Amino acid sequence: MSLQMVTVGHNIALIQPGFSLMNFDGQVFFFGQKGWPKRSCPTGVFHFDMKQNHLKLKPAIFSKDSCYLPPLRYPATCSYKGSIDSDKHQYIIHGGKTPNNELSDKIYIMSVACKNNKKVTFRCTEKDLVGDVPEPRYGHSIDVVYSRGKSMGVLFGGRSYMPSTQRTTEKWNSVADCLPHVFLIDFEFGCATSYILPELQDGLSFHVSIARNDTVYILGGHSLASNIRPANLYKIRVDLPLGTPAVNCTVLPGGISVSSAILTQTNNDEFVIVGGYQLENQKRMVCSLVSLGDNTIEISEMETPDWTSDIKHSKIWFGSNMGNGTIFLGIPGDNKQAMSEAFYFYTLRCSEEDLSEEQKIVSNSQTSTEDPGDSTPFEDSEEFCFSAEATSFDGDDEFDTYNEDDEDDESVTGYWITCCPTCDVDINTWVPFYSTELNKPAMIYCSHGDGHWVHAQCMDLEERTLIHLSEGSNKYYCNEHVQIARALQTPKRNPPLQKPPMKSLHKKGSGKVLTPAKKSFLRRLFD
């Protein structure tokens, strides 16, 4: 195993905990930036270009018939083939968190629409589900099993918001374990079916899942209800006859206690588990080798990489599988230094030999990442903002160049901001205030100066006033600027008319004498 430090271009701030990596025929793509994509890169998917331990993120493009793919953090992802013998390689994406702290319940299928030299055009389609539709969640797993010439998705675990009937103002954004149900998803027809297995008693999140043929193995994970990482090992087998599918679960010995670990495949039947946590604030520094047989699984410790002192002493770490037996790792930077980066990154190569194309896509395991410690999660709803140095992407003629010169500063246009000195909108306690609000507080634009966004609730607006101002292009001024705005809007006084000097009412030499009526009219005119 070899560990190498990676330098990243100006776009290093894109890489935050919760991202995913997808490997298409040896090319790696980044997905899941923290914050909404910019207008000049609306897809939010980037080519993960690694050369000589230097990383560049280059915006990827989508075909015109693609649906919109929001940036999702902590989703469940897996590679997918229509059949075990198919050559078409796709990725399934389910769930995850949006930048507004909302949870997704949608399924997206990403595939390559066309490939020209090194430039890849993706196609993204959204799959509608019917039946027992899984609730929105994150930190779960989705895998694909193959049985009797058919394929089926297997979804398990994760976390979700508490039901609306149990949510209070103080715990509005509190999450709970999802029920330990196993969902079978037919990607062809969009049907989802839930199964209750007696062996699965607790909901788990940020576990490791490995799929082989008709079987999925579930290792480790974290339970919020009991706050433990049980050393469980489950074997879920799916049989797909012509009729109703059969799903059974077996509890196996020899599991490991770990959450948020990263899984990579080194050959046809061997996987390596790296990273994760064995306690709430204690990283798991050992690596595990997982060997699969037809109906067997063996887990053993393997040689530990030569971790650097920074990695050893960091409280958190995160990353994702790059494919080809390589893992991308990140740790926080040293905030004691004024010029330190937010994160430092490494690549860990677990296999010295390249995998074949067939081996690259056999693994259907979850890319597990977790909020760094359940006691101190990242502020997921904080809007993403580029650093001052991030003026553009380092690109070449083969890729589109990212330009943010025309972008707004999301740090002041996001919904979760402090809009005024008396702002009382708190992301952790926010509840709908107006009937028109759904998932985020209503905002209105103050026209003073360069303009800024304020919460309608903080400005004590009546709902009818809010609707009226939102319907047209009316100017609005917040409580702080309304007096200034009124002064600016005071009509300017017209200057007094200049009185011309009185001329003789009798023009000399004209021979004409003005009548008394004309004299009176001229006096009123000049006065």
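The values are calculated or read from the model by the stated rules, or taken from the named source; none is laboratory data. Note that the coordinates shown come from a computational prediction; the quantities given were computed from them, not determined experimentally. Every residue, glycine among them, receives a Cβ derived from its backbone with ideal geometry; neighbour counts consider all protein chains shown. With ligands, DNA and RNA removed, areas are computed over all heavy atoms of the protein, side chains included. Shrake-Rupley method; radii C 1.70, N 1.55, O 1.52, S 1.80 Å.
Quick notes on this one:
- Breaking point among (1) touching a Lys or Arg at 6+ places or on another chain (Cβ under 6 Å); (2) open to solvent by 80 Å² or more (accessible area, probe 1.4 Å), for S447: (2)
- Out of D105, D143, one residue alone is of a type in the set (D, E) and part of a strand (DSSP E or B). It is D143.
- Unique match (being surrounded by fewer than 23 Cβ atoms within 10 Å (Cβ to Cβ), within 25 Å of L129 (Cβ to Cβ) and in contact (Cβ under 8 Å) with a residue 12 or more places away in the chain) among I236, I196: I196
- Odd one out for N53, checked against (1) open to solvent by 30 Å² or more (accessible area, probe 1.4 Å); (2) without any contact (Cβ under 8 Å) to a residue 24 or more places away in the chain: (2)
- Counting only strands (runs of 3 or more DSSP E) wholly contained in the stretch 250-297, the ones carrying 1 or more residues that are among the acidic types (D, E) and either outside the structural domain of I218 (by the TED database) or open to solvent by less than 30 Å² (accessible area, probe 1.4 Å) (or both) occupy 270-274.
- Sole residue being within 11 Å of the chain's Cα centre (by Cα) and under 24 Å from T266 (Cβ atoms), chosen from F48, F24, F31: F31
- Checking each residue of the stretch 78-91 against the condition of being within 18 Å of F318 (Cβ to Cβ) and buried (at least 19 other Cβ atoms within 10 Å of the Cβ) gives no match.
- The condition (being out of contact with any Asp or Glu (no Cβ under 9 Å at 6 or more places or on another chain), touching a residue at least 60 places away in the same chain (Cβ under 8 Å) and either on the phi > 0 side of the Ramachandran plot or not acidic (D, E) (or both)) is satisfied by just one residue among K58, K64, K127: K127.
- With respect to the stated conditions, F183 is under 19 Å from G96 (Cβ atoms) and either outside any loop (DSSP other than H, G, I, E, B) or not assigned by the TED database to the domain that holds E280 (or both).
- Any hit, the stretch 105-116, residues being in contact with a Pro (Cβ under 7 Å, 6 or more places away or on another chain) and either open to solvent by 10 Å² or more (accessible area, probe 1.4 Å) or among the acidic types (D, E) (or both): yes
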